[in-house]
Every structure is written in C-alpha cells, then in structure tokens.
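The structure appears right after this line, and notes come after that.
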Amino acid sequence: MYYMKGKTLGSRYTILEEVGDGGMAIVYKAKCNLLDRIVAIKVLKPEFSEDEDFVRRFRREAQSAASLSHPNIVGIYDVGEEDGLHYIVMEYVEGKTLKQLIKEKSPMQPMEVIDYGKQICDALECAHRNKIVHRDIKSQNIMITPDGRVKVMDFGIARAATGTTITNTGNVFGSVQYFSPEQAKSDFVDERSDIYSLGIVLYEAFTGELPFNGQTPVAIALKQIQQEPKSISSLIPGFPRKLELIVQKCMSKSPNDRFQNAKELKSELVKAAACPDVINFKHMDLDHTLVMNKIPDNHDNTIISEFDNSEEINPRPKSKKRMEPLKVIGIAVALILIFAIFSYIGGVLAKKYFEVPETFVPDVIGLTEEKAVEKLTQEDLKYEIERVNHDSPEGQVIDQDPKPNERVKINSIVNIVVSRGPKENQIPLIIGLSEQEALVSISDNGFEPGRIKRENSEEYPEGIVIDQNPMDGLSLPRGTKINFTVSLGPAAKQEKIPTVIGRTIDEAQKILKEQGIAIGNTFKKPSDAPENIVIAQDPNPGTLINKDGSATVNLTVSSGPVELKKFNLPIILPADPQEFNIKVIISDELGKRTVYNRKHKPEDSPLTVPIEGAGTINVEVFLDDILYIKETY
C-alpha cells in the first residue's frame, strides 16, 4: 500500500493519519479542505482495486448507501479514484467498535446490550426501507461513540463484497462467524439475514463469546447451517429467559421463523427492557460458571477413560483348542452368504446413487440475478455468471445456456449472462464552470442534470458551480443524473442598527444616514420627553441588517408632555342576583389601555372608577365582556 500521510485525494481530502486496517481496506483520518471538516477515508487494498467487477459494484453500492441518512448509520459523503486508489469518504466517528467493548466488558450487562440492539434495529430499518441489505452485520462493523450512540458502518463495502470472489481469508473468517445459514449456502439473501447476524451480535455481547467457531471458514459455515448454539442460560445461569428467546428467534435457521423485520425485533427488545428480571439481572463473577467454555472444540470427539492404562481385572485364560471341521465349514458358508447379501445391497445402492436424476432447465431470462440464482438452485442446478454491457437494467439476466426447458442432469451448470447496464461514461469535472457551461458539459458527456442547489460562497463568484455529486472521474451509465451546487456569491455583510432613542429627530437622521440606513415611517406620540425627541425605534437597537442600503428604521417621536384630565366615572350595575366582571378600557393620546378589571355584586352599585387621560378620552365599560357603556370625554 502507498504511503498516504500528507497525500491529497480528489484535490480536496488531505490524509492526516492511519486509524485502522481491515480485511479489504485501510481507513485514514483526513481533512476535507472544501468544507473544512474531519472525515474518514476508506481506501481499497490493491487486491480489490484490481478487480474491475468488484470496483464497479463497490462504487454503485457505496453511492446507493450514501442515500441513507440516519443518526445510527455512518454517513457516506463521496466516492472517488485517483492513481489507481479507489476510496470512499465517510463520516468520522470518535469511539470504539462493539467488538472492542465486548472484549473490555465481557460479558456486557443486558440493559446496555438492549440499548445498543435497539439503535442497530433503527439503522437496519432505515436501510431495509431503502431496499439495502447490509449482509455483513458484525460487532466489528458497529461503532459506539463515547455518549453511547451506535453507528453502523460498511453498507457499501458489505454489499459489494458479495458480488465477487474474496480471497482475503482473515476477512472471510471474521464475517462467516456472523453469516446467516442462507449466506453460508449462497442462497437468496434478504433483510432477515441481517436479523440473523444481529442475533449473533447480541449473543456475543450477552455471553462474551461467539456461538460458532472452527479452524476454517468452511467449518464455521457448516455449523451455521447444521448446528444449534449453546443456550445462553447454560453459559450464564439465571440469564433472563425473555432475552434468551429473543436471541434464539433471531438465530432461527429458517428465515420464516425469525423476526421478519427490524421493527419487530426492536419492539421485543423494548418489552424485554421493561421486565423486572431483565432490569434486576446483573452479571456476577463468572470465572466458575464459564469454565466449561474453555474446553477445546474437539473435546466431544475424545473420551479418556481412567482405566485405559490399567491391567484387565481377573483375566480369564484363553482357550487354545483347535476348531472342529464342521464349525469351519459353517463359518465359511456364513461368510459366503454375508458377502452375497452385501454385494446385492451394494448393487442397489450403486444404482441409486450413480443414476443421476434429471430436471428441466427453468426460464430465467428477464429475471434479476438473485431471482435467477434462486430459481436454478430450487431445481438443483449450478450456475456460472457472465456479465456484459447491455441496454437492459443492470443485474437482469439477458441470456442462458442451456436454453429454457432443456432436459439436463441435476447439478449441471447453467451459464447465465447478466447485464452490467448501459455502457458507462466518465463523469466530467464541472466545478468552476458557469451553470450554463455545466449543463452543456453534462449533456455532451451523455448524462442528465439532477438537483441544482444554490448557496453562498466566499471562494466562487455568483453563477459558478462549487460542488457536484457524483464526483468527476467516476465511470457510470449514460443517463445518470448529476447533482450540483451553484454559488450565490459571498453572503451579504451585516451590521447592527445603532441606538437613536433619546436623540432629536435631526440627530437620528444623520446617524442613520451615515450607516446607509433610511428612515421609514415617523410617528408622533405624547410623552414626558421634550418635543422632537426619539422615544422608540423599529427594528430595535442592535438588530442585524444587511449592509446593502435596503434597510429602513421606523421612528416614534415625542410630541411633548400633555396635560392630564382626571375625573370619576359612575357605573350603575343591573339589579341581577349574579356577580359581574367589570372591565374599563380607555383610549386617548397616550394609547389604549385597561384601567379597571374586577368582579362585583349588584349590591356594590353604584361604582366609582377614577379615570386619567390626555386629550380626547374614549371610555368603554364591559359587563362580562359585553359592551355596557361607551362615552367620550
């Protein structure tokens, strides 16, 4: 692998340091210079970068996974290639993998595992709703942030890896321990396979060990298909039965016997978390209860007897008499009969096992690759796949050999030709072009414009393309939509509105004019302030406005003090036995206001309410919110 530290990929991502080395890729911490943020970059190892089919599938699936937006899924930002290096740019997550936490805390407390399990279910539900099956759920692919947030990784790589032969034994070994039986048999895979793998993750977290182990991936795969795991309660006495049943259902050999979706599984985990025996269960010292787990895998094949090396007790002397002739003849006849019987049985068995049954080749043309493989497998036929560019949708079978309905032996090979989709073109670089130039470039290269966003940019002038997705350099089918972002130019500069309250109207006009702010409406209002003094402004002082000459400020100016009028308002209440709410509202040069609001009984009549106002005073009296008196003074 190349020395990467300090290298810049895509003229945008500068590698800072290596943070992980996995089965198929090396992960680096990097800085996105365009958006000024830290990202993670996963660079494929050379043995995968040189496989054209794998790289093409990897790009497509990574871009599909990039459409997933969920707080429990590691976001994918970009996919690219440079100098033979194929990479994806992802959200950078601080924290540890669940595998690391299991090793540190093994076994983990049930309530903590339930919390992680619910978040993984949320991530899978989002992916499955978008028709994406992860296919490689394992504790190594689950990040836990310091605040307990789950982040599921590697949706793109997991799916891409299923489309090619992977020779990286370490990676296969790590994944096959979490494979569903249908994955181990290369059968049809759907979202229920992710449920099985999540069941193994839960088993591992609850117990501190994996349910199936072996010396080779094949040995482990056979156990996934044929064997049942040890019950959790046999490993951890007293373990809550509710949780054990949930894990057992996740790990059912038949997909139909499992939870059918992540939402169902999460619902059961939520119910389990409310059970007292789950809440109160705490792991104690397990050194003694787990001692049997340390016995080697092959212990059941070797039984050691304490008498193996002892002498035989009270041995009987062996007879040395010669056998009589009749006995010899009888034994010979018996042997001949036994040989004849076994010869007959052998012939019958040979005929049974060497006369291979036949079947008819099903018609798989027009089906998806997965459906075709499923149909061939149901007829006990094997298959080989050839991929070619074709106008048919990618992944659709366009031809087969032998042809449909031909009679063949079971286990025969059927060659199917699968479309790679239309011939691919290379995405052009449109960043730096004007919007119109970008549209022409997209069309000339056989692609279509997608979503166009517009946002401010300090770097690019208005009308220039500042970002694109997919990025340039990717080879994608003709007609693919290219989304891009167009600059609106620098954001408008802003400043705070100055305070002019307390200034004369002339002083206020001068201050505002110096800052390019116009005076809008001016209102006169009596007040204790001298005449022509500003007593209010709108917007308020300190409000941010664009410094482009478009802002205006409305001013309220004092008309000077006013002489107040005072008088008593008499109110005669109706002769009604019930209690009334009396409210008095006045409006004058000082504004509109409520001056009285109380409850009274009829015997309180007449009432006297003091009134104080300026200029013409309009008085309204309400009896239980109904207008009762209206006068002007």
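Things worth noting here:
- You will find that of Val43, Val39, Val93, the residue that is part of a strand (DSSP E or B) and either closer than 18 Å to Ile120 by Cα or at pLDDT below 90 (or both) is Val43 and no other.
- Meets criteria (touching a strand residue (DSSP E or B) at 6+ places or on another chain (Cβ under 6 Å), closer than 29 Å to His86 by Cα and outside the structural domain of Asp548 (by TED's automatic domain parsing)) for Glu448: yes
- Any hit, the range 68-77, residues being under 27 Å from Val133 (Cα atoms), assigned to a loop (DSSP other than H, G, I, E, B), β-branched (Val, Ile, Thr) and within 18 Å of the chain's Cα centre (by Cα): yes
- Thr552 in contact with a Gly (Cβ under 8 Å, 6 or more places away or on another chain), outside the structural domain of His600 (by TED's automatic domain parsing) and without any contact (Cβ under 8 Å) to a residue 60 or more places away in the chain: yes
- Of the set (1) closer than 30 Å to Ile365 by Cβ; (2) touching a helix residue (DSSP H, G or I) at 6+ places or on another chain (Cβ under 6 Å), all apply to Glu448 but (2).
- Residue list for the range 448-478, restricted to those being out of contact with any Ser or Thr (no Cβ under 8 Å at 6 or more places or on another chain) and under 16 Å from Arg59 (Cβ atoms): Asn469, Met471, Asp472, Gly473, Leu474, Ser475, Leu476, Pro477, Arg478
- In the range 356-443, counting only strands (runs of 3 or more DSSP E) that sit wholly within it, the ones holding 2 or more residues that are under 16 Å from Phe188 (Cβ atoms) and not β-branched (Val, Ile, Thr) span 382-388.
- Hey, Met153 under 23 Å from Lys266 (Cβ atoms), among the aliphatic types (A, V, I, L, M), modelled with pLDDT under 90 and not assigned by TED's automatic domain parsing to the domain that holds Ile73 or not: yes
- Contact map, the range 258-281: residues that are free of Cβ contacts under 8 Å to residues at least 40 places away in the same chain and at negative phi paired with residues that are outside any helix (DSSP H, G or I) and surrounded by 15 or more Cβ atoms within 10 Å (Cβ to Cβ), Cβ distance under 6 Å, separation 6+ or inter-chain. Pairs shown: Asp277/Pro240.
One line per residue, one yes/no per condition, for (1) exposed (fewer than 15 other Cβ atoms within 10 Å of the Cβ); (2) charged (D, E, K, R); (3) over 30 Å from Ile430 (Cβ atoms):
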residue: Asp472; (1), (2), (3): no, yes, no
residue: Pro477; (1), (2), (3): no, no, no
residue: Lys496; (1), (2), (3): yes, yes, yes
residue: Ile501; (1), (2), (3): no, no, yes
residue: Ile505; (1), (2), (3): no, no, yes
residue: Lys510; (1), (2), (3): yes, yes, yes
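- Residue count for the range 557-579, restricted to those that are hydroxyl-bearing (Ser, Thr, Tyr) and either surrounded by fewer than 17 Cβ atoms within 10 Å (Cβ to Cβ) or outside any strand (DSSP E or B) (or both): 1
- For the range 372-394, the set of residues classified as over 16 Å from Arg420 (Cα atoms), basic (Lys, Arg) and touching a residue at least 24 places away in the same chain (Cβ under 8 Å) consists of Lys382 only.
- Residue within the range 384-399 that is of a type outside the set (Asp, Glu) and touching a Phe, Trp or Tyr at 6+ places or on another chain (Cβ under 7 Å) present: no
Residues checked against (1) more than 18 Å from Arg192 (Cβ to Cβ); (2) without any contact (Cβ under 8 Å) to a residue 60 or more places away in the chain; (3) of a type outside the set (Lys, Arg):
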residue: Ile225; (1), (2), (3): no, yes, yes
residue: Ile232; (1), (2), (3): yes, yes, yes
residue: Arg241; (1), (2), (3): yes, yes, no
residue: Ile246; (1), (2), (3): no, yes, yes
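- Residue match in the range 611-618 (condition: assigned to a strand (DSSP E or B) and either in contact with a Phe, Trp or Tyr (Cβ under 6 Å, 6 or more places away or on another chain) or among the β-branched types (Val, Ile, Thr) (or both)): yes
- Among the residues of the range 84-107, just one is over 28 Å from Ser67 (Cα atoms) and touching a Phe, Trp or Tyr at 6+ places or on another chain (Cβ under 7 Å), namely Pro107.
- Unmet criterion (only one of (1) outside any strand (DSSP E or B); (2) of a type in the set (Ser, Thr, Tyr); (3) at pLDDT 90 or above) for Ser527: (3)
- Some residue of the range 122-136 being among the basic types (Lys, Arg), in a loop (DSSP other than H, G, I, E, B), modelled with pLDDT of 90 or more and crowded, with 19+ Cβ neighbours inside 10 Å: no
Okay, residues lined up against (1) surrounded by fewer than 14 Cβ atoms within 10 Å (Cβ to Cβ); (2) within 22 Å of Pro211 (Cα to Cα); (3) modelled with pLDDT of 95 or more; (4) over 24 Å from the mean Cα position of the chain (by Cα):
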position: Gly238; (1), (2), (3), (4): yes, yes, no, yes
position: Ile246; (1), (2), (3), (4): no, yes, yes, no
position: Cys250; (1), (2), (3), (4): no, yes, yes, no
position: Lys253; (1), (2), (3), (4): no, yes, no, yes
position: Asn256; (1), (2), (3), (4): yes, yes, no, yes
position: Lys271; (1), (2), (3), (4): yes, no, no, no
position: Cys275; (1), (2), (3), (4): no, no, no, yes
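- One residue stands out among those in the range 164-216 that are within 22 Å of the chain's Cα centre (by Cα) and part of a loop (DSSP other than H, G, I, E, B): the one that is modelled with the lowest pLDDT, which is Val189.
- Being in contact (Cβ under 8 Å) with a residue 24 or more places away in the chain and surrounded by fewer than 16 Cβ atoms within 10 Å (Cβ to Cβ) is a condition met by no residue of the range 54-66.
The values are calculated or read from the model by the stated rules, or taken from the named source; none is laboratory data. Being a predicted model, the structure only gives us computed values, none of them experimental. Neighbour counts are summed over all protein chains in view; Cβ atoms, including those assigned to glycine, are modelled from backbone coordinates with ideal geometry.
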